[in-house]
1. Over segment 59-172, with the other protein chains present, what is the accessible area per residue in square angstrom, probe 1.4 angstrom?
2. Sequence-distant or interchain residues sharing an amide H contact under 5 Å with G125, placed H: which?
3. Ignoring any ligand, DNA or RNA, what whole percent of the accessible area of segment 1-40 comes from carbon and sulfur when the probe is 1.4 angstrom?
4. What nm distance separates the two modelled labels at S166 and K55, each placed 7 Å from Cα along Cα→Cβ?
5. Working out 0.36 nm times the residue gap between E27 and N147, then minus their Cα-Cα distance, what length gain in nm do you get to one decimal?
6. When the helices in the chain are scored as -39500 (n - 2.57) per DSSP H run of 4 or longer and the sum is shared across all residues, what 222 nm value do you end up with, to the nearest 500 deg cm²/dmol?
7. 7 Å from Cα along Cα→Cβ at both L131 and E80: what's the point-to-point distance in nm?
8. Taking θ as phi - 60°, what are the ³J(HN,Hα) couplings along segment 95-111 by the Karplus curve (6.51, -1.76, 1.60), each to the nearest whole Hz, with x for Gly and Pro?
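The values are calculated or read from the model by the stated rules, or taken from the named source; none is laboratory data. Worth saying up front: this structure is predicted, and the values here are computed from it rather than measured. For neighbour counting, all protein chains shown are included, and Cβ atoms are generated from backbone atoms with ideal geometry for every residue, glycine included. Surface accessibility is based on the protein's heavy atoms, side chains included, excluding ligands, DNA and RNA. Shrake-Rupley method; radii C 1.70, N 1.55, O 1.52, S 1.80 Å.
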Amino acid sequence: MPMRAEDVHYCPRCAAPVVLQVKFGRERPVCPSCGWIFFADPKVAAAVLVEQDGKVLLVRRVNEPFRGLWTLPAGFVNAEEDPAEAAIRECLEETGLEVTLCGILDIRHGREHERGADFVIFYRGQVRGGLLRAGDDADAAAWFAINGLPELAFQSTRYILARHSSHVENISKSF
Ligand SMILES: [Zn+2]
């Protein structure tokens, strides 16, 4: 979970108790001893929309919230990591499939649950190798026709599929 200002009590550099001061336009925890300022940074995730033979690649979540519901292969971007590399890595970990990315589809802002991302960068990908096998944060990985989707975990997943799937015209009214 991203560290919030109210969770910061001591300076990580010199261990002095922090105080709240207005810095760069808003109140932030500041170390009165060494001048360290806490900036709350967004958590960033990367996801990939992979379509093949008219179907979309989805994974079933192992973790709460939304355990057992389906979403696009996705995960957090590590510090220093290229989000494109994160999308490729997460897809491989969760589905066993190696993908090549063919562009950014969208960037969505807004955390959908407490441990979720603040931003998700969505890529389009194509399978270039590997064998379909669920792993990591997913206990199932499968291809679904766009008019036969399982229950989806996230609003952003629904949004991306509705807006960016190549087969969007087939999406049922209930979607
Ligand atoms: Zn300090």
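1. Details: 6000 Å² over 114 residues.
Value returned for segment 59-172: 53 Å² of accessible area per residue.
2. Hits under the 5 Å cutoff: L49, V50, E51, C102.
3. Working: 1530 of 2830 Å².
Of all accessible area on segment 1-40, carbon and sulfur atoms account for 54 percent.
4. Going from the S166 label point to the K55 one covers 1.5 nm.
5. Values: separation 120, 0.36 × 120 = 43.20 nm, distance 4.83 nm.
Value of the extension gain: 38.4 nm.
6. On the way: 2 runs with 23 residues, N = 175.
Result for the chain: -4000 deg cm²/dmol, rounded to the nearest 500.
7. Label at L131, label at E80, 3.4 nm between them.
8. Values, residue by residue: 10, x, 9, 8, 10, 9, 7, 10, x, 8, 8, 5, 10, 10, 10, x, 6 Hz.
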